[in-house]
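The values are calculated or read from the model by the stated rules, or taken from the named source; none is laboratory data. Values in this document were obtained by computation on a predicted structure and should not be read as measured data. Don't worry about glycine lacking a Cβ; one is built from the backbone with ideal geometry, like all the others, and counts go over all protein chains shown. For accessibility, only protein heavy atoms count, side chains too; no ligands or nucleic acids. Shrake-Rupley method; radii C 1.70, N 1.55, O 1.52, S 1.80 Å.
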Amino acid sequence: MELTLNVQGMSCGNCKQAVQGALKNLDGIASVEVHLDSGKVDVSFDEDTVSTEEVKEAIEEQGYDVTN
């Protein structure tokens, strides 16, 4: 499944690393692309292994707000 999330609070390379790192630690994540300029995160994942809610929670645990 492919998902694009709107994430507020990302502003720098460390933000990008934090989000990518948190998501890549989840089982079932195929790819993560963080777009700082637009505040979006594209995630490809196996929905049989990890849920959309778990993806959002992993980002929120890093201190960012997911708005969709």
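Within segment 20-38, is even one residue hydroxyl-bearing (Ser, Thr, Tyr) and open to solvent by less than 80 Å² (accessible area, probe 1.4 Å)?
Yes: segment 20-38 contains one or more residues that are hydroxyl-bearing (Ser, Thr, Tyr) and open to solvent by less than 80 Å² (accessible area, probe 1.4 Å).
Considering only segment 39-68, state which residues are among the β-branched types (Val, Ile, Thr), within 11 Å of residue 1 (Cβ to Cβ), open to solvent by less than 50 Å² (accessible area, probe 1.4 Å) and not in a strand (DSSP E or B).
50, 52, 55
Out of everything in segment 1-11 that is open to solvent by 50 Å² or more (accessible area, probe 1.4 Å) and part of a loop (DSSP other than H, G, I, E, B), what residue ends up being nearest to residue 66 (Cα to Cα)?
9
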